[in-house]
Amino acid sequence: MNVDQQRWHATTIVMVRKGGRVTIAGDGQVSLGQTVVKGNARKVRRLGKGAVISGFAGATADAFTLFERLEAKLDQFSGQLTRATIEMAKDWRTDRYLRRLEAMMLVADASSSFLLSGTGDVLEPEQSPHGSVMAIGSGGNYALAAARALLDGSGDAETIARRSLEIAAEICVYTNTNIVIESVDSA
């Protein structure tokens, strides 16, 4: 099988909003087929002058393009995350070049959290009495299940995000425990 036929598996990202804080955490593994290509990729970053946190799952070059586009939209709309994500999703879905990008993003600021996809999705997490969680990527379903189970416990957002990624890494061969975490205080 040549490289073009192999499938890139590239990450697990989880978002947890609880107790006045929102956290996005991601692992560092990038795999090509059955090979770990890189173990310490940084897939979680700050945007919008530090007020927005984001994480991506998918092709790395595509994600950098999306980070740049979202940063431009945040500048255009004075840091308004909701407006910036909706406008970016419109562009992502309709622009011929952007439509081919293979990635998903979780983004959050003090008051809003969203999942963005190339199909035009701008999804907010379901709220529970204890907070909210979302996850994407190869191990996303494992991290999501773990975070939901931990949400009503005593852990804070960062603790839940870290532990849910550790659990995902125990199950998903495309997820490791080289975890990067970014957080902001909620409104």
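Any read-out appearing in this document is the output of simple, stated calculations on the displayed coordinates, not a laboratory observation. None of these values were measured; they are calculated from a predicted model. Quick reminder, even Gly has a Cβ in these numbers, built from the backbone with ideal geometry, and neighbours come from all protein chains shown.
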Candidate lysines - alpha carbon under 20 Å from LYS38, same-chain residues fewer than 8 apart omitted: none
Rg/Rh for the range 79-187, where both radii come from Cα atoms and Rh is the Kirkwood radius: 0.99
Ranked LYS73, LYS90, criterion: other C-beta atoms within 10 Å, fewest first: LYS90, LYS73
Share of pairwise Cα separations in the chain, more than 28 Å, in percent: 20 percent
Gain in span if fully extended, LYS49 to ARG21, counting 0.36 nm per residue against the direct Cα distance: 8.3 nm
Selection of chymotrypsin sites (Phe, Trp or Tyr not before Pro), the range 12-101, meeting DSSP coil and at most 14 other Cβ within 10 Å: TYR97
Per-pair calculated FRET efficiency, R0 = 22 Å: GLU166 and LEU32 via Cβ, rounded to 0.05: 0.40
Net charge dipole size for the range 122-187 [Lys, Arg +1 and Asp, Glu -1 on Cβ; Debye, nearest 20]: 200 debye
Computed label-point distance, nm, for sites THR65 and SER78 using a 7 Å Cα→Cβ extension: 3.1 nm
